[in-house]
Amino acid sequence: MVQRETALVLFSGGQDSTTCLAWALDRFARVETVGFDYGQRHRAEMDARPRVLAAMQSFSQWRARLGDDHVLPIDTLKAVGGSALTENVKIEMGANGLPTSFVPARNIFFLTAAAALAYRRGIRDLVGGMCETDYSGYPDCRDETIKSAAKTLSLAMDTHFDIHTPLMKLDKARTWALAEQLGGKALVDLTIKETVTCYNGDRTHRHDWGYGCGECPACDLRAKGYAKYAAA
Ligand code: ZN
């Protein structure tokens, strides 16, 4: 049976998808989560997922809404290779104008796998943390790409999928502010303590914005966004 009161959140264990999870818990009666094991260079994000999900249980308004968590393997991205996220490549600007952390078509793989899982589970609402305002300019994060993917997946399974992207137009400071709006300071603290954004998966250096190497582009973005949010 298809039910529009259940959503499936693409949940990586990072700041953005944790905020999306809270956004979905605020709006849907039931929320399931899916993560992707695509041969990430480190396990820090995958390790953060169960920690964040457990911590989410402390919000009494959301506890009963949290449903099953799923992990799907996507080995193809690692096999294709060439990205700083899947192998030991320096993170820098590439000749194509994109950072070397770009994983070609990653979000299309994720959305396709998530939609297939959602189809099987009678879910038609997907939620993802894609965002087109940040520096990286990954083409598979653009609103146009996501809208097109929703149309393609709906056609491919002869059903109607909605892909919600609550962070699409927000910068990192506003993502922090959205977390506070949804779950108060407790959600901001959870995000600082448990989520992993760092490309190097660093969990040893603690900053006011959370753990990370403090030097990679993802840490830089998270730190700057937090500083702007904290100053507001
Ligand atoms: Zn870092």
Just the accessible area per residue of the chain, please: how many Å² with a 1.4 Å probe?
46
How much of the accessible area of the stretch 4-196, probe 1.4 Å, is carbon plus sulfur, in whole percent?
51
Highest first, please rank the peptides 51-59, 25-33 by the mean number of other Cβ atoms sitting within 10 Å of their residues.
25-33, 51-59
Over what distance in Å are the Cα centres of the stretch 40-59 and the stretch 110-172 separated?
22
Step through the table entries LYS169/LYS228; LYS151/LYS228; LYS90/LYS224; LYS172/LYS193; LYS78/LYS228, compare each Cα-Cα distance with 26 Å, and write down the pairs that go over it.
LYS151/LYS228; LYS78/LYS228
Area accessible to solvent at TYR229, 1.4 Å probe radius, in Å²
30
What order do you get for 146-157, 67-78 when each peptide is scored by the mean count of other beta carbon atoms within 10 Å, highest first?
146-157, 67-78
Just need log10 I(q)/I(0) for the chain at q = 0.17 Å⁻¹, Debye formula, equal scatterers on the alpha-carbon atoms, no solvent, rounded to two decimals.
-1.35
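The values are calculated or read from the model by the stated rules, or taken from the named source; none is laboratory data. Small disclaimer: the values here were computed from a predicted structure and weren't measured. Note: ideal-geometry Cβ built from the backbone for every residue, glycine included; neighbour counts use all protein chains shown. We work out accessible area using only protein heavy atoms, side chains counted, and drop any ligands, DNA or RNA first. Shrake-Rupley method; radii C 1.70, N 1.55, O 1.52, S 1.80 Å.
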